[in-house]
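The values are calculated or read from the model by the stated rules, or taken from the named source; none is laboratory data. Treat the numbers as computed from the prediction; the structure is a model and nothing was measured. In this analysis, Cβ positions are derived from the backbone assuming ideal geometry, glycine residues included, and neighbour counts consider all displayed protein chains. The area values use the complete protein model at the heavy-atom level, side chains included, leaving out ligands, DNA and RNA. Shrake-Rupley method; radii C 1.70, N 1.55, O 1.52, S 1.80 Å.
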Amino acid sequence: MNENSHKSDALPPAIFLMGPTASGKTDLAIKLCESLPCEIISVDSALIYKGMDIGTAKPSQEELARAPHRLIDILDPAESYSVAEFRRDALNAMHEITEKGNIPLLVGGTMMYYKALIDGLSSLPASDDKIRANIEQEAENLGWQALHDELARIDPVSAERIHPNDPQRLTRALEVFRLTGKNMTELTKIKSEPVPFSVKQFTICPADRSVLHERIERRFNNMISAGFQQEVEKLRTRSDLHQDLPSIRCVGYRQMWQHLDGEYDHSEMVYRGVVATRQLAKRQLTWLRGWKNLNWLDSFSKDNLTKIVNVSNIKP
């Protein structure tokens, strides 16, 4: 126990600032950068996309001038970005910041990204289009039940949790076996190393959840006023963008896209966008309530900066 503690203390410091959407993470992070030798790394699966600024509540140019963010605007909306790619890029950025004598400050609400850093990732192979196509052809010829029976033979644990009517997960489980000769249950036990930093973890959120709901609604309406519809209209002029891409599935973008497709009117779009954002916040809070070693901050507290400095034991 003491030996592990000493090892942890010998690692370079890092700060994780988590929280649900619209909780005030960016504002607090910028203040931290102005008080401590911190550099921000974005932990947000929407901020990675270029040309998607308003609907993602991307930091403004003024905010970025005060505190530059790494891992934003790194991808075209037509591209996808895996958790493994984020982990690689975030760790590279963390090491670069540390080598400069500064502290990595990771800020955002994509909880799966944080989990990949803290716990490591299982050694699953990248997807293979040819093998997936073969599996889908077999399903068309034999039916998904036959493929589920095959999975039950090679990986009974995965077959128990994957329903025969869940083609996406069933395809992935069979694909993994055909690529590696090992089943998913075996491979998920083999994980990459956890993040090699001494991490202090914080989450910021209003103590009253109804206040968070109000902030979400107000922010969504502000996005509309700022030209969110025009932003999505511009994306729709591209022939390579469509609703099934991860970028367009981002909260708000999906609802605006469907509105512009004529599926529902403007007021319904706003309602659905707000509801979807609140559901995202609820999922984020569910993750956070089960998170270990987490220090909670109230969005409206005046001494959040002091708390982070004290808990992190970092001198301003």
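Things to note:
- In this structure, L32 does not qualify as touching a residue at least 60 places away in the same chain (Cβ under 8 Å), open to solvent by less than 10 Å² (accessible area, probe 1.4 Å), touching a Pro at 6+ places or on another chain (Cβ under 8 Å) and in a helix (DSSP H, G or I).
- The residues listed here are G101, G109; of these, the one that is open to solvent by 40 Å² or more (accessible area, probe 1.4 Å) and part of a loop (DSSP other than H, G, I, E, B) is G101.
- Subset of segment 236-258 that is aliphatic (A, V, I, L, M) and under 15 Å from M269 (Cβ atoms) - its residue that is surrounded by the most Cβ atoms within 10 Å (Cβ to Cβ): M256
- Test: residue in segment 243-264 that is assigned to a helix (DSSP H, G or I), touching a Pro at 6+ places or on another chain (Cβ under 7 Å) and of a type outside the set (G, A, S): no
- Condition met for L280 (modelled with pLDDT under 95, out of contact with any strand residue (DSSP E or B) (no Cβ under 9 Å at 6 or more places or on another chain), not in a strand (DSSP E or B) and not β-branched (V, I, T)): no
- Within segment 210-231, considering residues that are open to solvent by less than 20 Å² (accessible area, probe 1.4 Å) and either in contact with a helix residue (DSSP H, G or I) (Cβ under 7 Å, 6 or more places away or on another chain) or of a type in the set (K, R) (or both), the one nearest to K282 (Cα to Cα): L212
- Residues that are under 18 Å from E231 (Cα atoms) and without any contact (Cβ under 8 Å) to a residue 12 or more places away in the chain, drawn from segment 54-78: S60, Q61
- Residues of segment 129-158 satisfying the condition of being touching a residue at least 12 places away in the same chain (Cβ under 8 Å), open to solvent by 50 Å² or more (accessible area, probe 1.4 Å) and aliphatic (A, V, I, L, M): V157
- Among the residues making up segment 196-209, a single one is assigned to a strand (DSSP E or B) and open to solvent by 50 Å² or more (accessible area, probe 1.4 Å): K200.
- Some residue of segment 159-169 being touching a strand residue (DSSP E or B) at 6+ places or on another chain (Cβ under 8 Å), of a type outside the set (G, A, S) and loosely packed, with under 14 Cβ neighbours inside 10 Å: no
- Some residue of segment 59-80 being aliphatic (A, V, I, L, M), farther than 28 Å from N221 by Cβ, over 12 Å from the mean Cα position of the chain (by Cα) and open to solvent by 50 Å² or more (accessible area, probe 1.4 Å): yes
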